[in-house]
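Here's the structure, in structure tokens; my notes come after.
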Amino acid sequence: MNIEFLGPLGRVTGSCTWMYDKEKDWNFLVDCGIQQGEGNSDVWNQGVEWPFEPREIKFVLLTHAHVDHCGLIPLLYKKGFQGKVICTSETAAIARVMLADAVKLCAFYDESDVAKIKWFEPRGKSLLGGALHPIDDDLYINFYRTSHIIGAVAIGVYWGDFKAGKQKKIVFSGDLGVCNEDSEHLPLLRHIMKPHEFDYAVIESTYGGKVRSTEEQTVEFRWNQIQKLCDQVVANDRGALLPSFSLGRAQDLLFDLHWILNSKPEKYSNIELVFDSPTANKLTPIILQALERTEVTGKSFKKARPLWLGKQIFRWFELDDTDPNQVDRLIDIVRMTLGEVPKFPEYAGLFGNQIAKSWASRVRVISERNQREEIPENGSQIVIASSGSCDGGAVTHWLPKVVRSERNLICLTGFSGPASVAGQLSNLQGVERSERRRLRGSIQIESANLEIPIRDISCQITTLNGYSGHADQTGLLNWLFWSFKGESRRTAPFIFIQHGNDNERKALKKAICEKNGKESLTVKLPSRQTHKYRL
């Protein structure tokens, strides 16, 4: 089997790997994503540099629904691809929404190309874990949950004659999340699954050089930040704007805000919580349906478990995840958190701790643009608006209203590139208002035809940490090195590192070699010069 790493090489976006064997008639991709503001992105995003012929690709394996992994699949179809996109049904449902949005930003394909996509989820007794799904002659795959977003998986690929002992195997991490078994701290995601042992592993390295503190990876850390934010809003009768990505981040913020507001309803009764994200609104029914999905697992297929919903949220509410009625109540709690009407109102007040019993929706969801004008500009108010980079979306309506008053607060909710609007705002953190007034220039929001002079930015700017959906170096190492029944295991003796800038990749390589010890190990950093390998 031949493998070519097409992207990202020394970058973070534009994931795409090509695997083929002409003799066996195997020819497929793992992911096909948009590059976002890196390198000569337009060249890649137009398919100019593709070394393969789209008409000859038989299928695409898709790890998850972020556009840097799936955003060029419609272009594949436009250029002649006719095969299936193999992924989880949740990834397919989310990707339909994300790609419909991408059409508005990408001139290289249109809605008709998105409509051509043939989504396919493998069928079997079990979707995740050890179950092998045949996809071609002597070619199989399996999925492992990564806890990055709902539906996200690492994908194992197996090829060759198993009976003759000639089978080889490789696993692609996709993007790895932060929820580990028994330490799940984000509200809606179940823990990362450890893969089996493979001949080769391809691992991301977005934060390959970063080690987060143990404290930062706890729910208490996030709730303390949110409580301080709510206290500021109440004490100063001020407005706070939280720019957020529509998938994952927005739902986590809504949950944490509801937890604090419901834990002290009298103290925070004056806070109005507004949620403005058209994309997130479309994702809400998909997320709720995913949280209800279960399957039978284990060697003898006797254990029934949620596919995507973790145990941690049941512990927080002191609810029993083995009682169907209490599971219904838990999902109703999430439903109300996202602004939906509960399905089982008769269970309110019956189960769990006091917060569970009295949980109430506090969010006003903006479903039409004209509703934005109905929101008063003064008073204790927290607005979550898309997008996290502030380069477009609903947040561009709120930014001009917020930045010019020193009474207001912008809370950035995660990393954005330095050239993005959020990145430029982040650079102003700690710069006093009097000093900002001496700065020349302005922040341009091209998508909204807006220009904000830096001298006019009077609001306080801060960052909420603890919401990253990407594993740090420790999490990446834990995916590669793990234990089973007390025995040390490693995912593969031959590792390819991609999906990160070169500093992050080199730092991760060093950490892998140190962790591995004296065992035989090969670690490769594919580049534009050396990206082709024979497995």
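None of the figures in this text is laboratory data; all of them are computed from the coordinates on show. As the structure is a prediction and not an experimental result, all values here were calculated from the model.
Taking the centroid of alpha carbons for each part, the range 120-194 and the range 282-344 are 21 Å apart. Once every Cα of the range 119-204 carries one equal point scatterer and solvent is ignored, give the base-10 log of I(q)/I(0) from the Debye formula at q = 0.10 Å⁻¹, two decimals. Relative scattering, expressed as log10 I(q)/I(0), comes to -0.27. Lysine pair count for the range 218-463 (Cα-Cα distance under 21 Å; residues 8 or more apart in sequence or on different chains): 9.
For the range 63-211, lysine pairs separated by 8 or more sequence positions, or belonging to different chains, with Cα-Cα distances below 25 Å total 22. Angle check, please: helix 502-516 long axis (alpha carbons) against the longest principal axis of the chain (alpha carbons), in degrees 0 to 90, nearest 10. The two axes meet at around 60 degrees. Using the Cα coordinates of the range 428-520, the gyration tensor eigenvalues translate into equivalent-ellipsoid semi-axes of 46, 15, 13 Å, sorted from longest to shortest. Per residue, the convex hull spanned by the alpha carbons of the range 218-463 comes to 138 Å³. Rg and Dmax over the alpha-carbon atoms of the chain stand at 23.5, 75 Å.
If the segment from Q46 to E514 were pulled out straight at 0.36 nm per residue, it would be longer than the present Cα-Cα gap by 164.4 nm.
How many times 2.2 N^0.38 Å is the alpha carbon radius of gyration of the range 275-339? Write down the numbers at each step before the final one.
Working: Rg = 13.6 Å, N = 65, 2.2 N^0.38 = 10.7 Å.
The value comes to 1.26.
Within a straight-line Cα-Cα reach of under 19 Å, K532 can be paired with the following aspartates and glutamates, leaving aside sequence neighbours fewer than 8 residues apart in one chain: E4, D21, E23, D25, D31, E49, E53, E56, D199, E204, D502.
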